[in-house]
Amino acid sequence: MFKFEPVYKELIWGGQNILPLKGLPADSRKIGESWELSGVEGNKSTVSEGFIGKAGTNDKGKTIDELIAEYGERLLGRSIMEKTGTTFPILVKFIDAQDDLSIQVHPADDLAIQRHNSFGKTEMWYVVHARTGASLYSGFSCRITPEEYVERVENNTITEVLQHFEVKAGDVFFLPAGRIHAIGKGCLIAEIQQTSNITYRIYDYDRRDANGNRRELHSELAKDAIDYTVYPDYKTHYETNKNSITELVKCRYFNTGLLDARQTIIRFLNADSFVIYTCLSGEAVIINNYNYRMHIRQGEVVLIPAETPTVTIKTGNHSVKLLETYIPQ
């Protein structure tokens, strides 16, 4: 099992909520994102604690790439390596929006490979916390054409045709590549996504950076990446199953469920895939089949190697909410 050093991203729309989420004192930095587990080039995660197997060498200080090179399918799973090679295929992050994020879209695999030699970007959001009145955009509220999209971007009316949601803690949104979206101010979100950093920024409220420059937009690139279909609902609806997994998202890139536990839980893990636990609240101890114990608390992520058949999650006198993510076969 492994923990990793977070990579903090200071952004113009960032806030001061991520460090307190992790039980750390806030500072003056506008941390918009904390990358908890990443295989993105230039932002590779580094092990802070853990090893693989019964009594392996402490792998502290190794990058995720070095772990994959050393352990291969023992870490990722054979079928995962056949599909995505030696790239860690999932990026986990926390996002703190003190201001509205840009309206954006991400390309699917085919377009991303053609244009950027990269995976596409399908993702999901779990709202960890939301201020009263906080909201986000996901998808279109009415049908528009690519030509109307261009006109609305030019005349700053694109938000008029987007589906708007006021949100609260526990809300979940699945965002397949091609879905136009934006996080609004006051949202603290856990995001699970494909390993990709390709974002087409469509509209940014005419904001300027510290040097007075407008941020780059990618409106023309986005035109061919957008899915213009209007869907009946963009929000994931679920009923929480206490002390067992509640399914949230199933797609070809990842399956994610919610574990809301107040007692000891034994999880029989998905064969031939690593598993990621992202702690949304509370704390617990995760114990693998070799009786190696790792503490996880709010704001932390633990990676379970694919060779691990079961884990025991002990809450003790606490409760815990975890996202459980793996790659389907």
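The values are calculated or read from the model by the stated rules, or taken from the named source; none is laboratory data. Computed from a predicted model, the values in this text were never measured in an experiment. Here the Cβ is made from the backbone with ideal geometry for all residues, glycine too, and neighbour counts use every protein chain on show. What goes into the accessible areas is simple: the full protein's heavy atoms, side chains included, and nothing from ligands, DNA or RNA. Shrake-Rupley method; radii C 1.70, N 1.55, O 1.52, S 1.80 Å.
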Problem set entry | Qualifying position, being free of Cβ contacts under 8 Å to residues at least 60 places away in the same chain and either over 28 Å from E307 (Cβ atoms) or part of a strand (DSSP E or B) (or both), among G23, G42 | G42
Exercise. If you take the residues of the stretch 10-36 that are under 15 Å from A190 (Cβ atoms) and of a type in the set (D, E, K, R), which of them is surrounded by the most Cβ atoms within 10 Å (Cβ to Cβ)?
Worked result: E36
Exercise. Can you tell me which residues in the stretch 106-135 are open to solvent by less than 10 Å² (accessible area, probe 1.4 Å), more than 12 Å from S196 (Cβ to Cβ) and more than 15 Å from the chain's Cα centre (by Cα)?
Worked result: A134
Seminar exercise, completed: A careful count of residues in the stretch 26-39 that are in a loop (DSSP other than H, G, I, E, B) and either out of contact with any Asp or Glu (no Cβ under 8 Å at 6 or more places or on another chain) or under 21 Å from S102 (Cβ atoms) (or both) gives 6
Seminar exercise, completed: Reported set for the stretch 77-118 where residues are in contact with a strand residue (DSSP E or B) (Cβ under 7 Å, 6 or more places away or on another chain), not in a loop (DSSP other than H, G, I, E, B) and not hydrophobic (A, V, I, L, M, F, W, C) is K93, D96, Q104
For this session: Those residues that are touching a strand residue (DSSP E or B) at 6+ places or on another chain (Cβ under 9 Å), open to solvent by less than 50 Å² (accessible area, probe 1.4 Å), farther than 30 Å from D260 by Cα and part of a loop (DSSP other than H, G, I, E, B), I need them from the stretch 136-179; list them, please.
Result: G178
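Matching residues to (1) farther than 26 Å from I18 by Cβ; (2) among the aliphatic types (A, V, I, L, M); (3) modelled with pLDDT under 95:
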{"position": "V127", "(1), (2), (3)": "no, yes, no"}
{"position": "S135", "(1), (2), (3)": "no, no, no"}
{"position": "S138", "(1), (2), (3)": "no, no, no"}
{"position": "S141", "(1), (2), (3)": "yes, no, no"}
{"position": "I144", "(1), (2), (3)": "yes, yes, no"}
{"position": "E148", "(1), (2), (3)": "yes, no, no"}
{"position": "E154", "(1), (2), (3)": "yes, no, yes"}
{"position": "E160", "(1), (2), (3)": "yes, no, no"}
{"position": "E166", "(1), (2), (3)": "no, no, no"}
